[in-house]
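Report on the structure given below.
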There are 2 protein chains.
Amino acid sequence: MSDRMPRVVGRITSLGELLGELRRPGGILGLVPTMGALHDGHLRLMEEARRGSDILAVSIFVNPIQFNQRDDFERYPRDLERDRALCGQAGVDIIFAPPREEMYPRPMKTFVDVEGLTEHLCGRFRPGHFRGVATVVAKLFQIVRPDRAWFGEKDAQQLAVIRRMVRDLNFPVEILEVPTVREPDGLALSSRNRHLSPHERSVAPALYRALRAGAALVERGSVDAADVLNRVRGEFQPYPEMRIEYAEVVHPDEMQPVGKITGPVRIAAAVWLGSTRLIDNVLCRPGAAA
Amino acid sequence: MSDRMPRVVGRITSLGELLGELRRPGGILGLVPTMGALHDGHLRLMEEARRGSDILAVSIFVNPIQFNQRDDFERYPRDLERDRALCGQAGVDIIFAPPREEMYPRPMKTFVDVEGLTEHLCGRFRPGHFRGVATVVAKLFQIVRPDRAWFGEKDAQQLAVIRRMVRDLNFPVEILEVPTVREPDGLALSSRNRHLSPHERSVAPALYRALRAGAALVERGSVDAADVLNRVRGEFQPYPEMRIEYAEVVHPDEMQPVGKITGPVRIAAAVWLGSTRLIDNVLCRPGAAA
């Protein structure tokens, strides 16, 4: 591969020294926070970030405090060599891949809580998850001090939580959003897709189809969220092997359920396929198809 | 007055512009966060900070979210002109005095919680207080981006909370502690002292005397915190007008009660005198008088 391989650093002090050498006044330092196991969705994020940064850092850290199930944490895929090659392909300058003890050298007592936005959707089913996400992102923002950071639309609630944290706590970081990357059949890319059996993989695109069916109703003028959700749930009926964890119509910034649809909304759902949990969401606006 | 008067800015963007003009590479930007109503204790803080900074900023903001009683917030003394003169005397360069809407332009949803250290002492009696303190200090650290920040030992639990927050969230800020400044009779300086009636003022020094009596026991070899606290409480007996809110012997970093004293401890108490609440604390170590 002809790409320049990114520098990999694991120590916070080493990262500080390296950034001190590389940063230029007025230059834009970009950050893409990830948990590794990079796929084409991340590649898209990194490509966008590359265009918007003078120096581009990617963090790779499987953050234990955002996993509410130990098993999910332990089986989360890890492959630093492959990740590094992908980062090289995307033109990343620095990979910050700290060991756990570097990020959490002592029992954590300080947490960042974003209230209201975390009560529904994944927040309801993954207690402590967004506290873990907000806390680790706050740490990464202090450690890296980026000017800009990129996040994927696929984790829309995470994105809303981070946007709110940045505004409420005055982080001088611009948050940028990158659209979800999908397989040709509509399945959103996710590091967890690799856990799907061939049969599970074959039915998984029903998640996106269901959300799109709901969005189409909204776009054709439906204003009642309950009707929209009935339609979404109906799409899953042929697939008894998919267990719906939630399906909700929410305000796109506040992440609170909407009853009557009067402006843009996000339709979001989580489903279980065997022991794998998939999430997806679509943004839509009333009457957009009119 | 011959002192150069500090620049006063109220807007976050104006502060950013001013700091952009003044900051030099490698220069130390110091911050003393205050709620105004400055007294000689603050002056001492500012003098220490002046020696340790190239550019010195003082923030003056009566932070509503750290007051658990509206009345206490409303009657908290405010006197920006006097504060500005005192800051000038101390050689402060910039006063950041934002209006409430600048710090909280929308309902806050994001909070910084420091657990464990906030369960005892003031944390037990002022629910939400340290969450409010940690959150506003996190905001100020983002807005000002100081290299160093100074806090008074008088608010020892606040100092421990902020130190822990800085370490846990990787804030690149050095936290420095300045000893409590006292009146000749031992009363710790506090903006709330001005609420004391002449009689209340005359008995108030009993608080420090009680803590010192406890510390003397520890220094002479007492290892039982209960004995020490009996001694502290005994000192208040001649003053039925002082109501003890708490008196505790705690670990100086963890702020958790200690039973058997085997290392340095902080003895801390809060008392009410009429409608005024006073706090104080002393650090001591076993056998230090031996």
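The values are calculated or read from the model by the stated rules, or taken from the named source; none is laboratory data. Treat the numbers as computed from the prediction; the structure is a model and nothing was measured. Cβ coordinates were reconstructed from backbone atoms using ideal geometry, including for glycine residues, and neighbour counts include every protein chain displayed.
Can you work out which of the residues in the stretch A:146-164 that are within 13 Å of another protein chain (Cβ to nearest Cβ) and out of contact with any Gly (no Cβ under 9 Å at 6 or more places or on another chain) is farthest from A:V92 (Cα to Cα)?
Taking the candidates together, the pick is A:A160.
Might you let me know whether the stretch A:95-118 holds any residue that is within 14 Å of chain B (Cβ to nearest Cβ), within 19 Å of the chain's Cα centre (by Cα), more than 20 Å from A:K154 (Cβ to Cβ) and among the charged types (D, E, K, R)?
Yes, that holds for at least one residue.
For the stretch B:99-114, give me each residue that is surrounded by 13 or more Cβ atoms within 10 Å (Cβ to Cβ) and among the acidic types (D, E). Full working, then the answer.
Of the stretch B:99-114, the ones surrounded by 13 or more Cβ atoms within 10 Å (Cβ to Cβ) are B:102-104, B:108-114.
Of everything in the stretch B:99-114, those that are surrounded by 13 or more Cβ atoms within 10 Å (Cβ to Cβ) and among the acidic types (D, E) turn out to be B:E102, B:D113.
Please identify the pairs in which a residue from the stretch A:55-80 that is under 22 Å from A:P146 (Cα atoms) has its Cβ atom under 6 Å from the Cβ atom of a residue that is assigned to a loop (DSSP other than H, G, I, E, B) and aliphatic (A, V, I, L, M), counting only partners at least 6 apart or on another chain.
Matching pairs, first to second residue: A:L56/A:V92; A:V58/A:V92; A:I60/A:A97; A:V62/A:M35.
Would you check if B:P172 is within 28 Å of B:V271 (Cα to Cα), outside any helix (DSSP H, G or I) and over 12 Å from the mean Cα position of the chain (by Cα)?
On the way: within 28 Å of B:V271 (Cα to Cα): no; outside any helix (DSSP H, G or I): yes; over 12 Å from the mean Cα position of the chain (by Cα): yes.
So B:P172 fails the test.
Say whether the condition of being among the acidic types (D, E) and not in a loop (DSSP other than H, G, I, E, B) is met by at least one residue in the stretch B:114-137.
Keep residues of the stretch B:114-137 that are among the acidic types (D, E), which gives B:115, B:119.
Subset that is not in a loop (DSSP other than H, G, I, E, B): none.
No, the conditions are met nowhere in the stretch B:114-137.
Against the condition within 14 Å of chain B (Cβ to nearest Cβ) and under 18 Å from the mean Cα position of the chain (by Cα), how does A:I60 come out, does it pass? Outline the logic, then answer.
On the way: within 14 Å of chain B (Cβ to nearest Cβ): no; under 18 Å from the mean Cα position of the chain (by Cα): yes.
In short, no.
With respect to the numbered conditions (1) of a type in the set (A, V, I, L, M, F, W, C); (2) within 25 Å of A:R75 (Cα to Cα); (3) in contact with a Gly (Cβ under 8 Å, 6 or more places away or on another chain), which one is the sole condition not fulfilled by A:I267?
(2)
Can B:F151 be described as within 30 Å of B:A289 (Cα to Cα) and not in a helix (DSSP H, G or I)? Even if it seems obvious, please write down each step before you answer.
Working: within 30 Å of B:A289 (Cα to Cα): yes; not in a helix (DSSP H, G or I): yes.
In short, yes.
How many residues does the stretch A:172-188 hold that are aliphatic (A, V, I, L, M) and within 14 Å of chain B (Cβ to nearest Cβ)? Steps first, please.
Step one: filter the stretch A:172-188 for residues aliphatic (A, V, I, L, M), giving A:173, A:175-176, A:178, A:181, A:187-188.
Narrowing further to those that are within 14 Å of chain B (Cβ to nearest Cβ): A:173, A:175.
Adding up the residues that qualify gives 2.
Among the residues of the stretch B:1-19, write down those that are at pLDDT 95 or above and farther than 10 Å from B:D93 by Cα. Let's see the steps before the verdict.
Quick first cut of the stretch B:1-19, residues at pLDDT 95 or above only: B:6-19.
Listed by number, the residues that qualify are B:V9, B:G10, B:R11, B:I12, B:T13, B:S14, B:L15, B:G16, B:E17, B:L18, B:L19.
Being modelled with pLDDT of 95 or more, within 19 Å of A:R266 (Cβ to Cβ) and in the same structural domain as A:L43 (by TED's automatic domain parsing) narrows it down to one of A:A138, A:A160, so name that one. Give the steps one after another, and end with the answer.
Numbers: A:A138 fails: within 19 Å of A:R266 (Cβ to Cβ).
Residue meeting the stated conditions: A:A160.
I need a count of the residues in the stretch A:236-290 that are assigned to a loop (DSSP other than H, G, I, E, B), touching a residue at least 40 places away in the same chain (Cβ under 8 Å) and not polar (S, T, N, Q).
Here is the first cut: in the stretch A:236-290, the ones assigned to a loop (DSSP other than H, G, I, E, B) are A:236-241, A:251-256, A:258-259, A:261-264, A:274-275, A:285-290.
So of that shortlist, the ones also touching a residue at least 40 places away in the same chain (Cβ under 8 Å) come out as A:241, A:252-256, A:261, A:274-275, A:285-290.
Filter once more, keeping what is not polar (S, T, N, Q): A:241, A:252-255, A:261, A:274, A:285-290.
Here the count works out to 13.
Go through the stretch A:1-112 and tell me which helices (runs of 4 or more DSSP H), entirely inside it, have 2 or more residues that are out of contact with any helix residue (DSSP H, G or I) (no Cβ under 7 Å at 6 or more places or on another chain) and not basic (K, R). Working first, answer last.
Values: elements: A:12-22, A:40-51, A:70-75, A:80-89, A:100-103.
It comes to A:12-22, A:40-51, A:70-75, A:80-89.
Looking for whichever is more than 14 Å from chain B (Cβ to nearest Cβ) and buried (at least 16 other Cβ atoms within 10 Å of the Cβ) here; the options are A:R131, A:R126, A:R82. Which one fits? I'd like the intermediate steps shown before the answer.
Working: A:R131 fails: more than 14 Å from chain B (Cβ to nearest Cβ); A:R82 fails: buried (at least 16 other Cβ atoms within 10 Å of the Cβ).
Just one listed residue meets the conditions, A:R126.
Which of the residues spanning the stretch B:192-235 are part of a loop (DSSP other than H, G, I, E, B) and either in the same structural domain as B:M35 (by TED's automatic domain parsing) or of a type in the set (A, V, I, L, M) (or both)? Even if it seems obvious, please write down each step before you answer.
Going through the stretch B:192-235, the residues part of a loop (DSSP other than H, G, I, E, B) turn out to be B:196-197, B:204-205, B:220-223.
Within the stretch B:192-235, B:L196, B:A204, B:V223 qualify.
Yes/no matrix, rows are residues, columns are (1) of a type in the set (S, T, Y); (2) more than 27 Å from A:I162 (Cα to Cα):
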position: A:S191; (1), (2): yes, no
position: A:P198; (1), (2): no, yes
position: A:V203; (1), (2): no, yes
position: A:A206; (1), (2): no, yes
position: A:E235; (1), (2): no, yes
position: A:P238; (1), (2): no, yes
position: A:I279; (1), (2): no, no
position: A:R285; (1), (2): no, no
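Hey, among the residues in the stretch B:242-290 that are more than 16 Å from B:H120 (Cα to Cα) and polar (S, T, N, Q), which one's surrounded by the fewest Cβ atoms within 10 Å (Cβ to Cβ)?
B:T262
With B:R100, B:R78, B:R44 as the choices, which residue is in the same structural domain as B:C122 (by TED's automatic domain parsing), touching a strand residue (DSSP E or B) at 6+ places or on another chain (Cβ under 7 Å) and within 30 Å of B:S275 (Cβ to Cβ)? Outline the logic, then answer.
Details: B:R100 fails: touching a strand residue (DSSP E or B) at 6+ places or on another chain (Cβ under 7 Å); B:R78 fails: touching a strand residue (DSSP E or B) at 6+ places or on another chain (Cβ under 7 Å).
So the residue among B:R100, B:R78, B:R44 that is in the same structural domain as B:C122 (by TED's automatic domain parsing), touching a strand residue (DSSP E or B) at 6+ places or on another chain (Cβ under 7 Å) and within 30 Å of B:S275 (Cβ to Cβ) is B:R44.
Across the stretch A:91-100, what is the total count of residues that are in contact (Cβ under 8 Å) with a residue 60 or more places away in the chain and either of a type outside the set (V, I, T) or touching a Ser or Thr at 6+ places or on another chain (Cβ under 6 Å) (or both)?
In the first step, residues of the stretch A:91-100 are kept if they are in contact (Cβ under 8 Å) with a residue 60 or more places away in the chain; the result is A:91-99.
Add one more test, that the residue is either of a type outside the set (V, I, T) or touching a Ser or Thr at 6+ places or on another chain (Cβ under 6 Å) (or both), and what stays is A:91, A:93, A:96-99.
Residues flagged as in contact (Cβ under 8 Å) with a residue 60 or more places away in the chain and either of a type outside the set (V, I, T) or touching a Ser or Thr at 6+ places or on another chain (Cβ under 6 Å) (or both) within the stretch A:91-100 amount to 6.
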